[in-house]
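Here's the structure we're looking at; comments come further down.
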Amino acid sequence: MPVVNSPMGGSFAFPQSLRARDQLLTGKTSVGARAFCGFQGCFFRDRPMDTVRIAVVGAGLMGLSTAVCIPTLVPRCSVTVIADKFTPDTTSDVAAGILIPHAYPDTPVHKQKQWFRETFDHLFSIANSAEAGDAGVYLVSGWQIFRSMPTEEVPFWADVVLGFRKMTEAELKKFPQHVFGQAFTTLKCEGPVYLPWLEKRVKRSGGLMVPQRIEDLWELHPSFDIVVNCSGLGSRQLAGDSTIFPVRGQVLKVQAPWLKHFIRDGSGLTYIYPGTSNVTLGGTRQKGDWNLSPDAEISRDIFSRCCALEPSLHRACDIREKVGLRPSRPGIRLQKELLAQDSRRLPVVHHYGHGSGGFSMHWGTALEAARLVNECAQALGSPAPKSKL
Amino acid sequence: MRVVVIGAGVIGLSTALCIHDRYQPVLQSLDVRVYADRFTPLTNTDVAAGLWQPYLSNPSNPQETHWNQQTFDYLLSHLHSPNAADMGLALISGYNLFHEAVPDPSWKDIVLGFRKLTPRELDMFPDYSYGWFNTSLILEGKRYLQWLTERLTERGVKFSQRKVESLEEVARGGADVIINCTGVRAGELQPDPMLQPGRGQIIKVDAPWMKHFIVTHDPERGIYRSPYIIPGIREVTLGGIFQLGNWSEVNNIQDHKSIWEGCCRLEPTLKKAEIVSECTGFRPVRPQVRLERERLRFGPSNTELIHNYGHGGYGLTIHWGCALEAAKLFGEVLEERKLLRMPPSHL
């Protein structure tokens, strides 16, 4: 687990259960400020009085990208990312990271298009720079194919990706079961490389990473002035949100370096995404399924469906199974909430619920989340530990 | 009926396979052998990046366009089989870049999805203002030669490593038909002033994030003298050297710098790529492919000779069409010698 570097100089391992420790010290069991004097005691920063202390809960794609955006918008802040899982153990590490948007029924289309465009443009400039390899971002071309005519031949994101057009008859011959297709060039953003790169950026701007499981957002009061909730499925507990549910996705990561194109069935159920060090074959969409263990029968089915689209995959080797739980919601939750309990107040910015579309939307939504954080920071005025809002 | 194929590059091996598969079923006595002094990985085919792409201008011999098409179709039909990777074959898309607008190439309807580049795509390449995007094929020389060797070995075709000093030596050794696939060194067996080496040097790097080919063109400098980046199955080939008349087999440091700087300027992400190897090869340059018969007479007997060499920088691109044509010429020989009862099946 990441070593925490304290500004005091040494490094130390964060205690596994703060609450347990403090129960021992104080004999108290409530989740109030008491239980968390440990937090302040463990690492206090030498901070000027007007620094806004921001906690980002969650170190997946949303947590880290929001942690990168916040210092660019919020003057004089400190950012601490707190999570029980860091890369390579997050859901974002399982996803293939291809930029093909998912449609959210409850989010206005113009917003989805804006976020996708912001994300695409941002990653496109990284892909064309010397940073591309370190960031794990690069261009990939391919086809999205349909067994029957789609209701929408030209999706809302067609002019954001590059070179979007309908497939020709000659190209469709490669897929005899399919009657229509779209060809385009998009980006792939590889979690296991991109997330560590984001972590570096967070640390470079003075952010801290803290491995700790948060059971209740109030644990962060009063050590932090603003909390950004990027806990994905964790929001069922942390935000009491019953509208978020897992959509289980199983994938195979295989060696097939001759594959240079993505192939995606329009249903989204079967796909082949070539990466830098492996090819992702998918997948499944199992609503409400929390099971993180790979299922052998499902793996065989995924392999067989992908081989039907791309017979050369029969020669693929070194097949590994992975499972991720998409944090699915009818719409992405990007919202401020002021938590109140007795006389305590805790501003929270929620940034979660991206389902299948995390990579496609992340930069646009992270920018928006950072804007919301800035609004909270402005509202705080010049903060003292017990300032009223 | 003893057939000796001289040369074990892509032309020699594919011609041997084509002839064997066409005529062995109808001619039991068919005995095909391959003689060469260099086999994979030491042939010029092994150095080639393997991108299927003819020259931009129309060939002086219109048959070559047909042979290119036949090769593309043949390879495309193999793409759908599990064997594709074994053959070193894969689909690949990419960019052709120019400093100014140019007419579409004659092969635009052979490749898949040919279109012009959009302004946003051109933004990626600030030195260029016009270009094409299309989906083509990679046929990796080394892997393909290994595959061809395996197929020929299965069929009982014999390989013999030797330096052939003269056609006469092979004729007197008992060959009824000689297929001359000696590539750039064909002049050693029979002087050919139209044949010249087009020396190329390439750097192979590890850059697995590159999924597209990028080929630049500079009409002032000429073909293959402008940077190109061609991903293969595992490694990426960087090139941009074409020196007519240069026989030096040694990697040249100036050429290395020219390739490296040109390609890194084109694709800055390559700066972090690790260099795996570097090699030199010789394109067998000729105004057109020499694909024709010749009759030799040594002593009392006639030996039929079929030339199949001079494929320049597009050997992999055109090889199967030429193999089919060579097989057709071979069929004519069999007919003349009344060895075929039936007319040769249409190829």
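The values are calculated or read from the model by the stated rules, or taken from the named source; none is laboratory data. Because the structure is predicted, anything quoted here is derived from the model rather than measured. When we count neighbours, we look across all protein chains shown, and the Cβ atoms used for this are built from the backbone with ideal geometry, even at glycine. These area figures cover heavy atoms from the full protein model, side chains too; ligands, DNA and RNA do not enter into them. Shrake-Rupley method; radii C 1.70, N 1.55, O 1.52, S 1.80 Å.
Per-structure values
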quantity	calculated
Surface per residue (accessible, 1.4 Å probe) for segment A:334-379, Å²	35 Å²
Average beta-carbon neighbours from other chains, 10 Å sphere, peptide A:314-320	2
Lysine pairs with alpha-carbon atoms under 19 Å apart, chain B, spacing 8 or more or separate chains	11
Accessible surface of B:MET1 - all protein chains present, 1.4 Å probe, nearest 10 Å²	30 Å²
B:LEU139 long-range amide H proximity, modeled H, under 5 Å	B:LEU51, B:TRP52
Options B:TRP147, B:CYS322, B:HIS217, ranked by Cα towards positive dipole end of chain B, top entry (Cβ charges)	B:TRP147
Protein accessible area in segment B:241-343, 1.4 Å probe - carbon and sulfur %	51 percent
From phi via Karplus (6.51, -1.76, 1.60), per-residue ³J(HN,Hα) for segment B:210-221 in Hz, x at Gly/Pro	7, 10, 10, 7, 9, 10, 9, 9, 9, x, 5, 8
Ellipticity estimate at 222 nm from DSSP helix runs (n ≥ 4, -39,500 (n - 2.57)) divided over chain A, nearest 500	-8500 deg cm²/dmol
Span from the segment B:253-316 Cα centroid across to the segment A:303-324 one, whole angstrom	36 Å
Cα gyration tensor shape for segment A:75-119, rounded if a/c is under 1.5, else prolate or oblate	oblate
Cβ charges +1 (Lys, Arg) and -1 (Asp, Glu), total dipole of chain B, debye	440 debye
Euclidean distance of C-alpha centroids, segment A:346-370 and segment A:169-201, integer Å	22 Å
Lys, Arg +1 and Asp, Glu -1 on Cβ, resulting dipole of the protein assembly as shown about Cα centre, debye, nearest 20	1400 debye
Loss of accessible area when A meets B, both sides summed, Å² nearest 100, probe 1.4 Å	3000 Å²
Net charge contributed by nearby residues that have their C-beta within less than 14 Å of B:GLN254 (K/R +1, D/E -1)	0
Among A:VAL373, A:VAL109, A:VAL94, residue whose mean-square fluctuation peaks in a GNM of chain A (springs only between Cα atoms under 10 Å)	A:VAL109
Cα centroid separation - segment A:104-162 against segment A:241-287, whole Å	16 Å
Rounded, prolate or oblate (a/c below 1.5 giving rounded, otherwise prolate when a/b exceeds b/c) for chain A by Cα gyration tensor	prolate
Accessible surface of segment B:1-139, 1.4 Å probe, proportion on carbon and sulfur as whole %	53 percent
All lysines inside 29 Å of A:LYS287 as judged from Cα atoms, apart from same-chain residues fewer than 8 positions distant	A:LYS85, A:LYS111, A:LYS113, A:LYS188, A:LYS253, A:LYS322, A:LYS336
